[in-house]
Amino acid sequence: MDCSYEPAKKIAEQVEGAVAITQTYGCRDDAMLVHNLVGTALNPNVAGILIVGLGCETLTGDILMEKIEPSGKPVFNITIQKLGGTIKTHAKGVRILQKMKQDIAEQKREAFPLSKLILAVECGGSDATSGLAANPAVGAAADMLIEDGGTVMFGETQEMCGTQHLLAERAVDKETADAIYDIIETQMARQKAMGVSSRWMSKGNIDGGLTTIEEKSLGAVVKGGTKTIQGVLYNNWERFDTPDKPGLYLMDGPGWDVPSVTHMVAAGAQVVCFTSGRGSTTGHAIAPVIKITGTPRTYANMGDNMDINASTILDGSESLNRVGSRIYEMIVKTANGRQTKAEALGYKDYIVFKRSREAEHMLGHC
C-alpha cells in the first residue's frame, strides 16, 4: 500500500533484481486495484513476490496472497505493525528476498515458442511522424508476431475516438464489434462530462503538429497492425480480462502512458513497444520497454532513450516492412534477455490507474 511503500523500497534496494511497486489510492479494498496488483504478480516476468503491508489496511496482504498462491510462485506476506516496526520488517524482508533470489538462480532458461509471447504496444508524446512512420512500423512488427502465433494488445481508449467504425470492421464477430463501440463511446461520454472537446490534447501533441484527438487516433490505432481483432479486454470492478488465445486485442484502459502500460502488463504482456515522436524516457518495473521514434531530430537528440529510429521510412532509406522487421527482431532479442535503453538506465515506472467509482455511477457506467 502507499503507507508501506518506503519500507518496501528500502527492502528492494538491498537485493539485486527486486523492485518495489505500489499504488497511491489508499488502503480501500478496491477490485480494480486488486486486479492490477495481482495481474502484475502473475505476469511471467515476475519470479516471486513479497507483499509488504502496514497492518491496518482494508486491502490486506492476505487478499492478494489468496489470489496469487494458486500460480505456484513463491509469495510471502509481511506486515510492519505485526513485526514491530520498519527496522525489523526491513531485516525480515531482505532475508526473504535473499533466499528467494538464491532459489530462483537455480532455474534454467528454456526455449519457448513465440505463441507464448504477449506484446503490448503504446504511444506517447506523439507528433505528425508517429502516425506516418513509428506506429505503422510497430503495426507491421505486430502483424509479424501474430503470424508467428504470438499475441498483441493495445489500449488508450481515448485515442481510439473517431476510429470505432474502422476497428469494428476488423472484429472477429459481432460481440467484439459491439464491445469496440461500447468502450469508445463510453470514453467519449466521460470526456464530454469532463468538458473535454476533441480539440484537447497534451501540449506536446499540439506542438508536434496534431490538431484533434480524432486525427491523433487515426495515427495511433495503426500501431496495432492489420490483423483481425479477437476481443476487447475490460478492466473494471467486475472483471479483468486477459487474452485467451493468440491474436490481436484491444485493452479498455487510460490514455496516460505509464498506467496504460501497467494495465497491459497486468494482463500478461511481457514486452512493450512504445512509440514517441517527441521523445520519451518511459520504462517499466515489470516489462522491458522498446522505444521507437519516427522523428530524426528526436532520435538524434534523445538517443540515450530511444531504441529504434523509424524516421528512415520518411527519408526513403528503408521501407515500412524493413523497419517493422527490425522492430520484430528486437522484440525477440528483448524476450531473450537483451536490455532496452530504459532497462539499462534502471527506469522502473509503475502507476496503476483506477477509475472513480462515484463518477462512473453518475454517468451510468457501473
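Consider T340 carefully, then state whether it is of a type in the set (S, T, N, Q), in contact with a helix residue (DSSP H, G or I) (Cβ under 9 Å, 6 or more places away or on another chain) and within 19 Å of L117 (Cβ to Cβ).
Numbers: of a type in the set (S, T, N, Q): yes; in contact with a helix residue (DSSP H, G or I) (Cβ under 9 Å, 6 or more places away or on another chain): yes; within 19 Å of L117 (Cβ to Cβ): yes.
Criteria met by T340.
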Leading residue by the ranking (surrounded by the most Cβ atoms within 10 Å (Cβ to Cβ)) among those in the stretch 144-159 that are in contact with a Phe, Trp or Tyr (Cβ under 9 Å, 6 or more places away or on another chain) and in a helix (DSSP H, G or I): L145
Residue among P259, P246 that is surrounded by fewer than 24 Cβ atoms within 10 Å (Cβ to Cβ) and closer than 13 Å to F154 by Cα: P259
Candidates I104, I63, I80 - the one that is under 22 Å from G17 (Cβ atoms) and aliphatic (A, V, I, L, M): I104
Residue that is surrounded by the fewest Cβ atoms within 10 Å (Cβ to Cβ) [pool: residues in the stretch 344-361 that are farther than 21 Å from G224 by Cβ and in contact with a Ser or Thr (Cβ under 9 Å, 6 or more places away or on another chain)]: L345
Test set (1) among the charged types (D, E, K, R); (2) touching a residue at least 40 places away in the same chain (Cβ under 8 Å); (3) within 30 Å of G224 (Cβ to Cβ) - E110 fails condition number: (2)
In the stretch 39-50, the residues that are touching a strand residue (DSSP E or B) at 6+ places or on another chain (Cβ under 8 Å) and either under 23 Å from R239 (Cβ atoms) or in contact (Cβ under 8 Å) with a residue 60 or more places away in the chain (or both): G39, A41, I49
Filter pass, K88 being among the charged types (D, E, K, R) and within 26 Å of V352 (Cα to Cα): no
Only listed residue being exposed (fewer than 13 other Cβ atoms within 10 Å of the Cβ) and outside the structural domain of A267 (by TED's automatic domain parsing), chosen from G39, G84, G55, G48: G84
Helices (runs of 4 or more DSSP H) wholly inside the stretch 1-77 containing at least 2 residues that are within 26 Å of I118 (Cβ to Cβ) and of a type outside the set (F, W, Y): 31-42, 61-68
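The values are calculated or read from the model by the stated rules, or taken from the named source; none is laboratory data. Just so you know, these numbers come straight off a predicted model, no measurement behind them. FYI the Cβ positions are ideal-geometry reconstructions off the backbone, even for glycines, and counts take in every protein chain you see.
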